Each structure stands twice: as C-alpha cells, then as structure tokens.
1. Among 204-215, 300-311, 158-169, 45-56, what's the highest-first ranking by average C-beta atoms within 10 angstrom per residue?
2. Report the relative contact order of the range 4-219, percent, no decimals, based on alpha-carbon pairs under 8 angstrom and at least 6 residues apart.
3. In terms of modelled amide H atoms, which long-range or inter-chain residues lie less than 5 Å from the amide H of Met33?
4. Return the percentage of antiparallel bridges among DSSP beta bridges fully within the chain, rounded to the nearest 5 %.
5. How large is Rg/Rh for the chain, to two decimals, with Cα atoms and a Kirkwood Rh?
6. For a 22 Å ceiling on Cα separation, which of these pairs sit above it: Lys3/Lys182; Lys9/Lys58; Lys170/Lys198; Lys94/Lys127; Lys127/Lys182; Lys3/Lys25?
7. Pairs of Cα atoms under 8 Å, at least six residues apart: use those to get the relative contact order of the range 223-321, whole percent.
8. What lysines could a cross-link reach from Lys320, if we take a straight Cα to Cα line under 18 Å and drop same-chain neighbours fewer than 8 places away?
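Rule-based calculations on the coordinates, nothing more; no lab input. Remember, it's a predicted structure, so these values are computed and weren't measured experimentally. Cβ: placed from backbone, ideal geometry, glycine included. Neighbour counts: every protein chain shown.
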Amino acid sequence: MFKPEIKTKQPFASQFLESALVPGKEKLANSYMLTGSNTMDMYFLALETARVLNCPEKTPNCTCPGCGWIAQNRHPAVITISPVDYIRHNKDSKPKTVITIDQARGLKQALSVTSRYHRVIIFTDAKEGKEYQTRAEQAWGNYREFIAPPVPENTDSARENWIPAPLSRKTFHSEPANALLKLIEEPPPQVTFFFLAKDREDMIDTIVSRSQVIPLAYNPEPSLETGILDGFFNKFPPDSKEEAVLYAERLLEIAKENSLPPEELLNLLENHLVTLARHNSDNAGFCKAAVNRLKSIRQAKLELSSYVNPQAVMDSLLIKLAQ
Ligand SMILES: [Zn+2]
C-alpha cells in the first residue's frame, strides 16, 4: 500500500492508516487529526491515503494515471485547504493569514456535488512566498520525488516556495471550524478529512472530538529551523556596534516572518554557537569567547521571559556579541 519512504519515517501511523484501507474491510474514520513535529510527513500520509483510496492497484509504486496525478498533487479527489490554498472561495480570491468562513462554505458547496472519487480534504496551515525559499528547499528535500505542493486552482505553474505548516487555533479559528462540524460528523459518502497539527491542544475541541487522533513518530524538521538563520550565520557575529543594531532588527524581522517567538531564535543562535565551538574545540580563544557569548544569550532569554521589550533585549545582546 503506502510508499516505503513514508513507512520508514512513520511506521506506526502508516500501518494504522493502511489497516483502515484494506479492500473489503475498510474502516476509515470520517476525520483524522495527525499530530507531531513534521508537517511534511503528515501531508505525505494524507496524500498516500488519498492515493490508495483512488487507485485500483493499491501498490506503492503504481504508475496508473490516478497515482500520477497524486504525485503531482493535481488529483481532483484531493483538496488542500490552507490560508494560501483553495482561495477562489474568498471574496477577493486572495490568500489570507487564516482559513476563512468563505472557504468553509465553498467546501460545503463542493462536497454537495457527488464525485466518482473518494475525496480527501486536507486542512493545514501553509506558507508561501520568496521569503520562504530557503525553508522550502530544505523542508522539501527528497520529499519532492514523491509528493508536490498542491497545484493552484487557476494556473499550471509549479509552486517552488510552498510549505505546509501545522494548524493552530490562530489560523483555524472557531467560526470556520464550527461551520464544518456537521459535515465532518456526517460527510457525504467517500469523503475523508485530515487535520494537520503539532498537538491536539492546537485545535478546537469540537474538531478533535470528531476526529481520530494519530500521533506521529518524532521526526523533527531540523534543517527547516536552522534554515531560517542560514543567511544570518554567514556573517556572524557582527563587526561593530552599528552592525549589531542592524542584526538585532533583522533577527526580530525573521522571528515575525516565521511566526517564531524571539526566544526560539535565541535557542537557534545558542545551538549554532555550541556547534561552532565544537568544531573549534582546539582554539582556546574561540571557545572562551563562545562561553561568554552563550552566557549573554542565556541572560537575554531570561530578560525575555521577564517581559523586557524584545527590541531592547536584542539590541543589547547583539552589541555584547559584536567583536
Ligand atoms: Zn495507482
């Protein structure tokens, strides 16, 4: 059934879903909530479920047209709903920062028309844009050989800078969620929902209680996170006080662009310095400086947790880190 590439990464979740797909013994839930540290794995699992449901062969490397469409993510049976996908239902047809009530209504409408396919609806957060290029390259890595970003509804152009991200209550709030409750509880025949999130706490209870929750194996997206700061590390630490202030500003921008709290960025900075120190363990001067820098970072984290203004914390930290 499922491709070996996802089975090795997520053996439990793959087996669990496969067992619900055995021909003649299907026992699919109406709705699944996949939770864990790797949204790409969750997205892959949802697409594999859609592929097996719509393929006569059900083999991992099937070459039927349906499996080909799924690999290109242009199969009419798969609907990805995120703030940047399925947007033709928004009044202005533009991407938003949240999943909208109009998208929920559009979906209801679409599902009221019967289909010869088994439709799989994937709710996820997603980011798209030039600023996500590095992250997208790293997040996709060799996943590109098996799956692809959803093909946009009105163009045929490939999406280089699209990445799935876990849902949160902020992106998928109660209004669109509640509009879908009845549909999730009693979907039309051959419709299955997937919700991708870090943790069940990130979704409103009414959705969680109507879904079968499948926790994924821990498979963090490390390159994704360090990728955010790659450009930054090339010229780190700053050379002067002026440069330090610019760096502080840029760090806060990066935090905002990636919806990361500044504390998380300091964790990444800390990891980076520890790795650098390991690589330079025979350079006593470097290590001594690294220890001092790590102390400054810990101090800054402490300040952030005591609600000192992040801008002030970053400015003073980067000035301390400057050579
Ligand atoms: Zn096939």
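1. By packing density, highest mean first, the sequence is 45-56, 158-169, 204-215, 300-311.
2. 35 percent
3. Amide H to amide H, under 5 Å and 5 or more residues apart or across chains, Met33 pairs with Phe195, Gln212, Val213, Ile214.
4. Working: 5 of 24 bridges.
Antiparallel bridges make up about 20 percent of those DSSP assigns within the chain.
5. Taking Rh as the inverse mean 1/r over Cα pairs, Rg/Rh reads 1.04.
6. Working: Lys3/Lys182 33 Å; Lys9/Lys58 20 Å; Lys170/Lys198 13 Å; Lys94/Lys127 14 Å; Lys127/Lys182 28 Å; Lys3/Lys25 20 Å.
In this structure, Lys3/Lys182; Lys127/Lys182 exceed 22 Å between Cα atoms.
7. 39 percent
8. Filter leaves Lys235, Lys241, Lys288, Lys295, Lys301.
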